Amino acid sequence: MVFARLRLAARSLPVAGGRSVASSGRVNAAPCPHRPPCPGCPRFGEPGIAPRARAALDAFAARAGVPAPEAIDASGFASRHRARLMVRGRTRTPKIGLFQQGSHRIVDIPQCRIHHPMINRVAAAVRAAARDAGLEPYADRPHRGALRAIQVVVERRSQSAQLVLVENAAQPGPVAELAGPLARELGGALHSLWWNGNPQRGNVILGSAWRHLAGPEVVVEEVGGCEIAFPPGAFGQSHPALADRIAQSAQRWIPDGARAVEFHAGCGPIGMGLLRRVASLTFNEVSEASLDGLARGIARRPAEERARAGVRAGPAAQHIDLLAQTDAVLVDPPRSGLEPALLDALCAHAPEHLVWVSCGLDAFLGQATALLECSPLRLRSLEAYALFPFTEHVETLAHFAR
């Protein structure tokens, strides 16, 4: 089976050695006021992708006989349009930010330069409103306190923020009462306001309970030439400019008139634009929130495009039968990579074209190596995106074809 070979492939992944394999230049940036101890930007000021990722991708491309991938980035400053921030501290001095490395101690980041300025503005408003209301921030060890976290998403078209307040409760309590003060403080800068309940211990940020408090139900972004709807519980990329570029690049490898399938489709940002020119496109997704966004996005398309769209809900591995009658496949799996059953099915029933978007480099390199060994597919193009600037993360886009 394919996964029997993945451990060998993973062990062979190269890492950066003594030579520099990424650009040695640095962005002309003032020092970050939150470093240390903020762990958010371990490569602060360094352009492109991390040296280890650069070396690993170069070696993979060389083995597959294609040119080394270009590292595509954009200004990291003010690029993050989506953030989940923890709330800890004391009633009179709440802190909103990130956990320090390996701990539940908070780094307050009121002046984060990677955030869109609206995120910092909203976080400051929440900090002030919670303090004025005497709201107790969450404490992990005693599992006490009301306000656990916030999620802020900035919609580009309106430059306003969707805000989710996460409460340590199963039903709305004092945290929901912040809605009025926040609406008055933020005014038109507030796109919408949501309450989320998470009464469970652990590191999961969002709970299963939701309450819509104000504003539109979804953030709408234009990605790949289409309006994509993102409910607050659905996954979305934090760097929308580069995410749009990934979608446009991925779409160009799918031929006109193809019968296409997209596994792990999310709200549809990668594949939705293909409805203009493919014969059919079946989206597969498991998340309820993403399926909601996907349905809303399809509903925004013209009637002739809606007729070409289908949706299969559930885990990707339960829908591998879709490969029997398809010409082109798109996959955008989680960091852990493709499900074993889906990878095996792609080897056994290789489509004419496979477009793979990956957020987990090690999983991608191991699984893509196995795919090349067990199928007639060959790597045709490889791209790397610095989707999370100044970090070790790299987003990989690959096109395989027979």
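The values are calculated or read from the model by the stated rules, or taken from the named source; none is laboratory data. Every value quoted in this text rests on a predicted model; they were computed, and no experiment measured them. Quick reminder, even Gly has a Cβ in these numbers, built from the backbone with ideal geometry, and neighbours come from all protein chains shown.
Quick one: in the stretch 291-318, which of the residues that are assigned to a helix (DSSP H, G or I) and of a type in the set (Gly, Ala, Ser) is surrounded by the fewest Cβ atoms within 10 Å (Cβ to Cβ)?
Keep residues of the stretch 291-318 that are assigned to a helix (DSSP H, G or I), which gives 291-299, 303-306, 316-318.
Applying the additional criterion that residues be of a type in the set (Gly, Ala, Ser) yields 293, 295, 297, 299, 303, 316-317.
Details: Gly293: 30, Ala295: 15, Gly297: 26, Ala299: 10, Ala303: 6, Ala316: 23, Ala317: 16.
If we take residues in the stretch 291-318 being assigned to a helix (DSSP H, G or I) and of a type in the set (Gly, Ala, Ser), then Ala303 is surrounded by the fewest Cβ atoms within 10 Å (Cβ to Cβ).
Just to be sure I understand, how many residues within the stretch 117-146 are in a helix (DSSP H, G or I) and either crowded, with 23+ Cβ neighbours inside 10 Å or of a type in the set (Gly, Ala, Ser) (or both)? Walk me through it before giving the result.
Within the stretch 117-146, the first condition is being in a helix (DSSP H, G or I), and the residues that meet it are 117-133.
Adding the requirement that they be either crowded, with 23+ Cβ neighbours inside 10 Å or of a type in the set (Gly, Ala, Ser) (or both) leaves 119, 122-126, 128-130, 133.
Qualifying residue count for the region: 10.
State which residue is farthest from Ala401 (Cα to Cα) when the search covers only the stretch 260-297 and only residues that are among the charged types (D, E, K, R) and over 18 Å from the mean Cα position of the chain (by Cα).
Step one: list which residues in the stretch 260-297 are among the charged types (D, E, K, R), which gives 262, 276-277, 285, 288, 292, 296.
Subsequent filtering for residues that are over 18 Å from the mean Cα position of the chain (by Cα) retains 276-277, 296.
On the way: Arg276: 22, Arg277: 19, Arg296: 32 Å.
The residue in question is Arg296.
Of the residues that sit in the stretch 310-339 and are of a type in the set (Gly, Ala, Ser) and in contact with a strand residue (DSSP E or B) (Cβ under 6 Å, 6 or more places away or on another chain), which one is nearest to Phe235 (Cα to Cα)? Even if it seems obvious, please write down each step before you answer.
First, pick out the residues of the stretch 310-339 that are of a type in the set (Gly, Ala, Ser): 310, 313-314, 316-317, 324, 328, 336-337.
Cutting the leftovers down to in contact with a strand residue (DSSP E or B) (Cβ under 6 Å, 6 or more places away or on another chain) gives us 310, 316, 328.
Values: Gly310: 20, Ala316: 17, Ala328: 24 Å.
So, considering only residues that are of a type in the set (Gly, Ala, Ser) and in contact with a strand residue (DSSP E or B) (Cβ under 6 Å, 6 or more places away or on another chain), the one nearest to Phe235 (Cα to Cα) is Ala316.
Evaluate the stretch 373-387: report whether one residue or more is part of a loop (DSSP other than H, G, I, E, B), surrounded by fewer than 21 Cβ atoms within 10 Å (Cβ to Cβ) and of a type in the set (Lys, Arg).
Checked the stretch 373-387: no residue is part of a loop (DSSP other than H, G, I, E, B), surrounded by fewer than 21 Cβ atoms within 10 Å (Cβ to Cβ) and of a type in the set (Lys, Arg).
Here is a list of conditions, (1) at pLDDT 95 or above; (2) in a loop (DSSP other than H, G, I, E, B); (3) among the small types (Gly, Ala, Ser), and Ala149 meets all of them except one; can you say which number that is?
(2)
Of (1) in contact with an Asp or Glu (Cβ under 8 Å, 6 or more places away or on another chain); (2) modelled with pLDDT under 95; (3) not charged (D, E, K, R), Gln101 satisfies all except one. Which?
Single failed check for Gln101: (1).
If the requirement is being under 30 Å from Pro117 (Cβ atoms), over 25 Å from the mean Cα position of the chain (by Cα) and modelled with pLDDT of 90 or more, which of these qualifies: Arg90, Arg35, Arg26? Before the answer, list the steps.
On the way: Arg35 fails: over 25 Å from the mean Cα position of the chain (by Cα); Arg26 fails: modelled with pLDDT of 90 or more.
Only one candidate qualifies: Arg90.
Does the stretch 325-341 contain any residue that is part of a helix (DSSP H, G or I) and modelled with pLDDT of 95 or more? First the steps, then the outcome.
Let us first name the residues in the stretch 325-341 that are part of a helix (DSSP H, G or I), namely 325, 340-341.
If we keep only those that are modelled with pLDDT of 95 or more as well, we get 340-341.
Yes: the stretch 325-341 contains one or more residues that are part of a helix (DSSP H, G or I) and modelled with pLDDT of 95 or more.
Give the stretch 343-369 a look and list any residue that's buried (at least 22 other Cβ atoms within 10 Å of the Cβ), of a type in the set (Gly, Ala, Ser) and in a helix (DSSP H, G or I), or say none.
Correct list: Ala345, Gly366, Ala368.
Across the stretch 319-335, what is the number of residues that are surrounded by fewer than 17 Cβ atoms within 10 Å (Cβ to Cβ) and either within 22 Å of Pro69 (Cα to Cα) or aromatic (Phe, Trp, Tyr) (or both)? Quick ask: steps written out before the conclusion?
At the first step, the residues of the stretch 319-335 found to be surrounded by fewer than 17 Cβ atoms within 10 Å (Cβ to Cβ) are 321, 324-325, 334-335.
Among the residues that remain, those that are also either within 22 Å of Pro69 (Cα to Cα) or aromatic (Phe, Trp, Tyr) (or both) are: 334-335.
Final tally of qualifying residues: 2.
Do you know which of the residues in the stretch 141-179 that are within 26 Å of the chain's Cα centre (by Cα) and acidic (Asp, Glu) is farthest from Arg80 (Cα to Cα)? Working first, answer last.
As a first pass, look at the stretch 141-179 and keep what is within 26 Å of the chain's Cα centre (by Cα): 147-168.
Next, only the ones that are acidic (Asp, Glu) stay: 155, 167.
Numbers: Glu155: 11, Glu167: 24 Å.
The residue in question is Glu167.
Under 6 Å between Cβ atoms, which residue pairs at least 6 apart in sequence (or on different chains) link something in the stretch 125-145 that is within 15 Å of Asp108 (Cα to Cα) and assigned by TED's automatic domain parsing to the domain that holds Asp108 with a partner that is of a type in the set (D, E, K, R) and surrounded by fewer than 21 Cβ atoms within 10 Å (Cβ to Cβ)?
Final answer for the pair search is Ala125/Glu185.
Table: residues versus (1) in contact with a His (Cβ under 6 Å, 6 or more places away or on another chain); (2) more than 23 Å from Leu98 (Cα to Cα); (3) surrounded by 18 or more Cβ atoms within 10 Å (Cβ to Cβ); (4) not assigned by TED's automatic domain parsing to the domain that holds Arg245.
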{"position": "Ala161", "(1), (2), (3), (4)": "yes, no, yes, yes"}
{"position": "Val166", "(1), (2), (3), (4)": "no, no, yes, yes"}
{"position": "Ala170", "(1), (2), (3), (4)": "no, yes, no, yes"}
{"position": "Arg184", "(1), (2), (3), (4)": "no, yes, no, yes"}
{"position": "His191", "(1), (2), (3), (4)": "no, yes, yes, yes"}
{"position": "Pro199", "(1), (2), (3), (4)": "no, no, no, yes"}
{"position": "Gly202", "(1), (2), (3), (4)": "no, no, no, yes"}
{"position": "Gly224", "(1), (2), (3), (4)": "no, yes, yes, yes"}
